[in-house]
Amino acid sequence: EEEATELLFLADQVLDAEKRGASLLARAEQSAWMLRLKLEARGLPSRAVKLAITRLEASGLLDDERFSRAYVAARLSAKAEGPTSLVGALRAKGIDGDLAKAAVSAAIGANAAPDERKAALEKAAARELKRAKGDERMARSRLRGLGFKGPEIASFFGDED
């Protein structure tokens, strides 16, 4: 009976964590790592949170790949960023490195539509030129730091081959 009582108590905690997790997901996409932190910060036991996250992932409500795509799209619409900084931002949200690279690549990487990659570079270049007060050399350096490649930066600035 004691074991059955413990299982029922755990089931109740999992249900509570799942309900709170679904509520958070209804407001915004979350990574599994972020959701775990938020639920544990609300005082829910780690074991119940882990089980609830597994159930939310199985139901399709929680999806790190979907979160990554949405996060990259939101960041790119808000400000100019390069691949390196976007991957780093996703990693800081608990996203696996390969998944982060795939999401960024889909948005502005080598496999992305050329127009999307060009638009991201144009936006980043405009911002970096402004920050560098028109110093093209400094802007180029900052663009490389963001993860844009030398040839595409050179092409943007009209360098001859």
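A few comments on the model shown:
- Peptide packing: for 30-37, 6-13, 150-157, 115-122, the average count of neighbouring Cβ atoms within 10 Å per residue gives the ranking 30-37, 115-122, 150-157, 6-13, highest mean first.
- VAL14 contributes about 20 Å² of solvent-accessible surface, heavy atoms of the protein only, 1.4 Å probe.
- Solvent-free Debye calculation, one equal scatterer per alpha-carbon of the chain: log10 I(q)/I(0) at 0.08 Å⁻¹ equals -0.35.
- Using equal-weight Cα scatterers in the Debye expression, the normalised intensity of segment 60-149 in log10 at q = 0.12, 0.16 Å⁻¹ is -0.36, -0.60.
- The residues packed around GLY60, meaning those with a beta-carbon under 14 Å from its beta-carbon, carry a net charge of -4 if Lys and Arg are +1 and Asp and Glu are -1.
- For GLU40, solvent-accessible area (1.4 Å; no DNA, RNA or ligand), Å²: 60
The values are calculated or read from the model by the stated rules, or taken from the named source; none is laboratory data. Since the model is a prediction, treat every value here as computed from it, not as a measurement. Positions of Cβ are backbone-derived with ideal geometry, glycine not excepted, and every protein chain shown enters the neighbour counts. Side chains are part of the model used for accessible areas, which takes the heavy atoms of the whole protein and leaves out ligands, DNA and RNA. Shrake-Rupley method; radii C 1.70, N 1.55, O 1.52, S 1.80 Å.
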